[in-house]
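Participant: Input: one structure, supplied below.
The values are calculated or read from the model by the stated rules, or taken from the named source; none is laboratory data. The structure displayed is predicted, hence computed values, not measured ones. Counting neighbours? That spans all protein chains shown, and the Cβs are built from the backbone with ideal geometry, glycine included.
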Amino acid sequence: MSDESDSPESPADTFGAEIKFAREARGWSQAQLAVMLCCRQPYVSKVETGQQLASPQFAEQCDRVFGTPGVYARMRQRAADAGNPVWFIPYLELEREATAICGYSSLFVMGILQTPEYAGAVYRAAHPEETTTQIKGRVERRMRRRELFDRPNPPSLWVILHESVLWSGVGGAEVMRGQLGHLIAATESPRISLQVFPASAGTPARGTPFIVLRRQDESEVLYAETYTRGQIDDSAQAVSDARDAYERLRADALSRHESLSLVRHAMEAYTHEHHPRLSPPDMGEVELQRGQRRRMRRMGPRIRPVRRRPGP
């Protein structure tokens, strides 16, 4: 068995070691650095020892304090991206630079809106051979993508989910309740919109998940995943086809208000039922059918039953 000290440093370890080296080179204590960075000394300690990857704001403050414009910010971003598949990193860069993100999901909730528990269930199903530590690392990397909405000018995010995503049961009822509750809470942000494509709408304009991202120069790119990897396509034809498909999906989807009502209904179903079902039929139609049955009963002749007298 190899010694634990022989294991390679994590990206958080490497970044923390660089911060510690810069601090000690200037003769500062952790407490002094914490004051200059406007944070607490225990946080500086966790960063330096690699227990926690620094936030983007921490890295930016380090560049200010150490006089290294952009150096620690870039170093921290590379640390955050480390561990992701090489083919996925270009998408992460596009996601961070985008001004608008439009995504359609037919299988799972879009990654940037997943809860840790939901993401863990997805990764566990896809990688059953991995250890708990490995799955935890994957989840942490996915959760870092939420930092996108902490920056001063976050992108707008418009997500269309196929209704089947709400009833997929990923991770069980408790995980799904938490995930659906998170979706509802996320839409409280004016930058995030959610629509549900109902099963009753029939075949969607596009069957597989895809994302259209708008860059700062107003150009757009398409991101789509195959079974093994994702692919970025910025060709005019591919982007145009994807944009047309997205607009048709949006037209056939429920309104934002109706979509949230359906998400709440699904969350209630996971709360009270062991086996959630698809959305109920329109209640107005149900009441109409009940009324028609009552009127049909009243239209028929009323026949009183004849009581036979017992014989002598």
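Participant: Is it the case that some residue within the stretch 159-166 is in contact with a helix residue (DSSP H, G or I) (Cβ under 7 Å, 6 or more places away or on another chain), closer than 25 Å to Ala80 by Cβ, surrounded by 14 or more Cβ atoms within 10 Å (Cβ to Cβ) and free of Cβ contacts under 8 Å to residues at least 12 places away in the same chain?
Facilitator: The answer is no; no qualifying residue exists.
Participant: Of (1) at pLDDT below 95; (2) within 22 Å of the chain's Cα centre (by Cα); (3) of a type outside the set (A, V, I, L, M), Arg277 satisfies all except one. Which?
Facilitator: (2)
Participant: I would also like to ask the following. Suppose we filter Thr99, Thr115 for residues that are of a type in the set (Val, Ile, Thr), farther than 30 Å from Ala199 by Cβ and assigned by TED's automatic domain parsing to the domain that holds His162; which single one remains?
Facilitator: Thr99
Participant: Tell me, yes or no, whether the stretch 37-58 has at least one residue that is among the acidic types (Asp, Glu) and free of Cβ contacts under 8 Å to residues at least 24 places away in the same chain.
Facilitator: The answer is no, given that none of the residues of the stretch 37-58 is among the acidic types (Asp, Glu) and free of Cβ contacts under 8 Å to residues at least 24 places away in the same chain.
Participant: Going by what's in this entry, would Ser193 be described as over 14 Å from the mean Cα position of the chain (by Cα) and of a type outside the set (Asp, Glu)?
Facilitator: no
Participant: Return yes or no: is Ala79 more than 23 Å from Tyr227 (Cβ to Cβ) and surrounded by 18 or more Cβ atoms within 10 Å (Cβ to Cβ)?
Facilitator: yes
Participant: How many residues does the stretch 160-218 contain that are of a type in the set (Asp, Glu) and at positive phi?
Facilitator: The total comes to 1.
Participant: State yes or no: is Ala224 closer than 25 Å to Thr115 by Cα and in the same structural domain as Leu107 (by TED's automatic domain parsing)?
Facilitator: yes
Participant: Would you be able to say whether some residue in the stretch 7-14 is modelled with pLDDT of 90 or more, outside any loop (DSSP other than H, G, I, E, B) and not assigned by TED's automatic domain parsing to the domain that holds Arg214?
Facilitator: Looking through the stretch 7-14, at least one residue is modelled with pLDDT of 90 or more, outside any loop (DSSP other than H, G, I, E, B) and not assigned by TED's automatic domain parsing to the domain that holds Arg214.
Participant: Give me a count of the residues in the stretch 197-223 that are surrounded by 14 or more Cβ atoms within 10 Å (Cβ to Cβ) and either within 13 Å of Leu94 (Cα to Cα) or out of contact with any helix residue (DSSP H, G or I) (no Cβ under 9 Å at 6 or more places or on another chain) (or both).
Facilitator: Total meeting the criteria: 10.
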